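Reading through the C-alpha cells given below for one structure.
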Amino acid sequence: MAQLPQKIYKENLPKPDEFSPIPEGNYNVIVSKTEYTTKESGRESIDLSLKVLDGPYANRYLNLSIVMALPPGEDEEANKRKETCLNISQKTLHQLLSFSGLSAIEDTDELLNRTFTVKVGITPARDGYDARNDVKRIMEYKGDVAPVSASRPQVSTTSYSQGPAPSQKSQIKPATNPWANVAQPGADKPARSW
C-alpha cells in the first residue's frame, strides 16, 4: 500500500467518458506492450498494444491480436473459417515484421518500441458489444500522416485534492514468452503448423 501525498475526492474527479473508438484513418503508432497468450480454448496469439503517437488522438491505444494457432473446428465449414483467420494473421505478421525492420523474431519483446503507420477501421456495435477499432493494415511509418479532424475534449485543470467535506470519504483502488518454433529455411525439423 502506498500513502498518497493528499486525499483525493471522487466528487472532484471528472466523470469518465463513454468509450468511443477513434475515427477511421491512418495513425502513427508505437508498440508499447507485447504478449503471447494461450486461451483455454487453445487459441494462441501475439497481442500488441499500440499507442497513437500524434494528432488529436495521441496517447490513445489500439489493440492488435495476431492469431498463431486455433484448435480444430467442429466441421469442415468451421475449419475453413479458421484457416482464413490464420491466413489473414500470417499476412498481418508479415506486414508487421516488414515495416518493423525485422526478418524474424524469437520473442515478442523484439517488437517493443517499433513504429509504423496503421490503417484503422471501426467494427460496429453488435451482440451486446460496443463498437471497436480494428487495425486493418500495417504500413511503413509515415511521420507526416494528416491528423484526423475531430474535436478533442478539453482537459480540466481542477484540483482533485480539495474535498467537499472531511466527513465524506473516498477510496481510490489501483486499478513474454518466446513464441516461434518455426524452422529455419533448410533446417531438418518441420515448421510449426498454424
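The values are calculated or read from the model by the stated rules, or taken from the named source; none is laboratory data. For clarity, every value in this text was computed on a predicted model and none was experimentally measured. Neighbour counts are summed over all protein chains in view; Cβ atoms, including those assigned to glycine, are modelled from backbone coordinates with ideal geometry.
Anything in the stretch 49-83 that is of a type in the set (D, E) and within 15 Å of G25 (Cα to Cα)? List them, or say none. The one that is of a type in the set (D, E) and within 15 Å of G25 (Cα to Cα): D54.
I'm trying to understand the selection: among the residues of the stretch 1-27, which are under 30 Å from P124 (Cβ atoms) and aliphatic (A, V, I, L, M)?
Here is the first cut: in the stretch 1-27, the residues under 30 Å from P124 (Cβ atoms) are 14-27.
Listed by number, the list holds a single entry, I22.
The single condition among (1) under 18 Å from S65 (Cβ atoms); (2) modelled with pLDDT under 90 that V120 does not meet is (2). State whether the residues of the stretch 11-21 include one that is buried (at least 18 other Cβ atoms within 10 Å of the Cβ) and within 25 Å of Y129 (Cα to Cα). Yes: the stretch 11-21 contains one or more residues that are buried (at least 18 other Cβ atoms within 10 Å of the Cβ) and within 25 Å of Y129 (Cα to Cα). Pairs linking a residue in the stretch 92-115 that is in a loop (DSSP other than H, G, I, E, B) to a residue that is of a type in the set (D, E, K, R), with Cβ atoms under 6 Å and 6 or more positions apart or on different chains, are S100/R114.
In the stretch 62-76, what residues are within 16 Å of L86 (Cβ to Cβ) and either among the basic types (K, R) or surrounded by 13 or more Cβ atoms within 10 Å (Cβ to Cβ) (or both)?
Step one: filter the stretch 62-76 for residues within 16 Å of L86 (Cβ to Cβ), giving 64-73, 76.
If the condition is that a residue be within 16 Å of L86 (Cβ to Cβ) and either among the basic types (K, R) or surrounded by 13 or more Cβ atoms within 10 Å (Cβ to Cβ) (or both), then L64, S65, I66, V67, M68, A69, L70, G73 are the ones that fit.
Taking the condition surrounded by 14 or more Cβ atoms within 10 Å (Cβ to Cβ), modelled with pLDDT of 95 or more and hydroxyl-bearing (S, T, Y), does S32 pass? In short, no.
Can you spot a residue in the stretch 70-85 that is polar (S, T, N, Q), in contact with a helix residue (DSSP H, G or I) (Cβ under 9 Å, 6 or more places away or on another chain) and not in a strand (DSSP E or B)? No, that holds for no residue. Taken as a whole, the condition of being more than 27 Å from T108 (Cβ to Cβ), modelled with pLDDT under 95 and assigned to a loop (DSSP other than H, G, I, E, B) does not apply to D54.
If I filter the stretch 149-165 for residues that are β-branched (V, I, T) and at pLDDT 50 or above, do I get at least one hit? Among the residues of the stretch 149-165, not one is β-branched (V, I, T) and at pLDDT 50 or above, which makes the answer no.
Residue by residue, here is whether (1) hydrophobic (A, V, I, L, M, F, W, C); (2) surrounded by 13 or more Cβ atoms within 10 Å (Cβ to Cβ) holds:
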site: Y36; (1), (2): no, yes
site: K39; (1), (2): no, no
site: L50; (1), (2): yes, yes
site: R60; (1), (2): no, yes
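Criterion applied to S41, S65 was being closer than 21 Å to T123 by Cβ and either at pLDDT below 90 or not in a strand (DSSP E or B) (or both), and the one residue passing it is S41.
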